[in-house]
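Worksheet: one structure, shown below.
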Amino acid sequence: MLTALKTKVIAGSAAALLAASVLTTPVMAQDTFSESHLAAARAAVTATRTTIAFDNILPDVAERTRALFQRSEPSLLAEIDTAVNEVALKMAASRPQLDRVIYEVWARRFSEAELQQIADFYNSETGKKLATVNPQLSALAIGAAKQWSDQLSVEMVKQVRARLQNPAN
């Protein structure tokens, strides 16, 4: 039973890696950048805290994998936990590949000088504050837009209903 479980874990991991390589290969292979351009992209990405949102990807995938196997093989909880932890630790070594793709995405869209200006701003006190509060600002802006949209919808329905009931207006 443990061998079958290991085979499932290995097959699932291989499928995930294959999917990841298929999804990222076209993005990665388009351009080449100087090391200084990529360093500027890395500095901008780091300063803007862009990749922080991706830090939970591997732990989340590991937890979903653990839950998947525990549902199908509840008698092997300890073995599943060990296998998932071992595979996750090995997969953590691939994180620099994601970071490299992100640096290249930024390098495609900004010159080296622009990236340095971005990094300089985000390393200033104001930029650090913006990078820190930006997730909350985005959430609040999305909430405000949703609330406004809901209000518009209610008002539009009200006004259209009134016009349909009294076409003279």
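Just so you know, all these numbers are worked out from the coordinates, no wet-lab data involved. Please read all numbers here as calculations on a predicted model, not as lab measurements. Cβ sites come from the backbone with ideal geometry, for glycine too, and all protein chains shown count toward neighbours.
With no solvent and one point on each alpha carbon, what is the Debye value of log10 I(q)/I(0) for the range 20-160 at q = 0.11, 0.17 Å⁻¹?
Results for the range 20-160 at q = 0.11, 0.17 Å⁻¹ read -0.68, -1.00.
Extending each Cα 7 Å along its Cβ direction at ASP150 and THR82, get the distance between those two points in nm, one decimal.
The two pseudo-label positions are separated by 5.1 nm.
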